[in-house]
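> Have a look at this one before I ask anything.
The values are calculated or read from the model by the stated rules, or taken from the named source; none is laboratory data. These numbers were taken from a predicted model, which means no experiment stands behind them. When we count neighbours, we look across all protein chains shown, and the Cβ atoms used for this are built from the backbone with ideal geometry, even at glycine. Side chains are part of the model used for accessible areas, which takes the heavy atoms of the whole protein and leaves out ligands, DNA and RNA. Shrake-Rupley method; radii C 1.70, N 1.55, O 1.52, S 1.80 Å.
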Amino acid sequence: MIDIDTQTAVLATRYQKSVAEYWNEEEAPVNIRLGEVSGTFHHHYGIGAVDHAALEGPAEGRDERIIQELHRLEGAQAEFLLDQLGPLGPQDRILDAGSGRGGTSFLANLRFGCRADGMSISQKQVDFANGQARERGVDDKVAFHFRNMLDNQFPANTFQAIWNNESTMYVDLYQLFAEHARVLKPGGRYVTITGCYNDVHGRQPSRAVSQIDAHYICDIHPRSEYFAAMSANGLLPISVVDLTAATIPYWELRAESSVASGIEDAFLTAYKEGSFHYLMIAADKI
Ligand code: GPP
Ligand code: MG
């Protein structure tokens, strides 16, 4: 059990406490059932074309095949994120900000062989991910911390790479990138995959984007704010990829699965009307 002082330091605001409560209670089949497919549990969405051949065959078992396919697409998203982290070797350290049940951190450790640290304000997620690290026999290399990504407690210049895999919409981007820039080594790489709203569509979020915010208790930022906050903190974009078209098949498949959570139509509307993008941004620390 974490003591009250630690809880107060990590959960600095009532908003953060409510977000932590959401994730401490979360047991959504769309995350648990998918995670059980391979034992790697993700808290992000998928990209890439659906393999319709994989879904063909008898009606019996079709839903399970859809779940496997959704999991494959989420794995492809994580691998795409890792592709952006630059050359990394076993001597490097990397940081997963908003690490959920640990999926992206484990895939990163498998690929690069380096030490990965993850952090979450949900004690339950931290405990789950550390349990997985022990089961996988990598707890000497992959560790998860009950910490706030706005105050990560690591010394300056620690990490060669940092990422947020769909977790920036819970925090102020200026504070976040200031803290990331502090612990990134000069020349280190920052990568985020995020949902952001389209400033060109309007200065405020659309109805569908507001529905997504309400569903997850988050605050989706406009696209412009990512670049302004990076620029203000010495993070220089090197690559931007609009993944919107690549994520729509995932959402269409999810909408017809037994594990649909009810938020699928809002994502499909927001993406298709152009008020929302699924974006990858990679930046270097200067
Ligand atoms: C997915 O987590 C990500 C978020 C909750 C943040 C919001 C992301 C945006 C791109 C707006 P999850 O895998 O736990 O969600 P779900 O339960 O819906 O699969
Ligand atoms: Mg999910």
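> Tell me the accessible surface of T269 in square angstrom (1.4 angstrom probe, heavy atoms of protein chains only), to the nearest ten.
About 70 Å², ignoring ligands and nucleic acids.
> So what is the calculated 222 nm ellipticity per residue for the chain, using -39500 (n - 2.57) for each DSSP H run with n of 4 or more, over all residues, to the nearest 500 deg cm²/dmol?
That calculation yields -14000 deg cm²/dmol at 222 nm.
> Which listed residue (A53, H42, Y22) has the Cα farthest towards the positive end of the charge dipole for the range 11-60, taking +1 on Lys and Arg C-beta and -1 on Asp and Glu C-beta about the Cα centre?
Among A53, H42, Y22, the one farthest towards the positive end of the dipole of the range 11-60 is Y22.
> Okay, next question. What's the center-to-center distance, using Cα atoms, between the range 114-151 and the range 1-33 in Å?
Each part's Cα centre sits 14 Å from the other's.
> Below 28 Å, Cα to Cα, which lysines can K141 reach? Residues fewer than 8 away in the same chain don't count.
Cα-Cα hits under 28 Å: K124, K185, K285.
> Something else now. Using a 1.4 Å probe on the protein heavy atoms only, what accessible surface does K185 show? Give it in Å² to the nearest 10.
Looks like 80 Å² after rounding.
> Got a number for carbon plus sulfur as a percent of the chain's accessible area, 1.4 Å probe?
Details: 6400 of 12120 Å².
Solvent-exposed carbon and sulfur of the chain make up 53 percent of the total.
> In the P(r) worked out for the range 1-126, what percent of Cα pairs fall beyond 19 Å?
More than 19 Å apart: 57 percent of the Cα pairs in the range 1-126.
> Put a dot 7 Å past each Cα toward the Cβ at L236 and R207; how far apart are the dots in nm?
Taking the two extended label points, one gets 4.5 nm.
> Considering only DSSP beta bridges where both residues belong to the chain, give the percentage that are antiparallel (nearest 5). Before the final figure, lay out each step's value.
On the way: 17 of 37 bridges.
Among the beta bridges of the chain, antiparallel pairing accounts for roughly 45 percent.
> Okay, next question. For A12 and D83 in one chain, what is 0.36 nm times their gap in residues minus the Cα-Cα distance, to one decimal in nm?
Here the segment from A12 to D83 would lengthen by 22.2 nm.
> In Å², and per residue, what accessible area does the range 4-285 have when probed at 1.4 Å with the other protein chains present?
Heavy-atom SASA per residue in the range 4-285 reads 41 Å².
> Efficiency by 1/(1 + (r/R0)^6): what FRET value for K185 and D139, r their Cβ-Cβ distance, R0 = 30 Å, to the nearest 0.05?
Here the calculated transfer efficiency is 0.75.
> Report the residues of the range 268-286 in range of a label on A260: point 7 Å along Cα→C-beta, backbone N strictly under 14 Å from it.
Residues 268-269 qualify, since their backbone N sits under 14 Å from the label point.
> Just the Kirkwood number for the range 4-285, please: inverse of mean 1/r across all distinct Cα pairs, in Å, one decimal.
Details: mean 1/r = 0.0523 Å⁻¹.
Mean inverse Cα-Cα distance, inverted, gives 19.1 Å.
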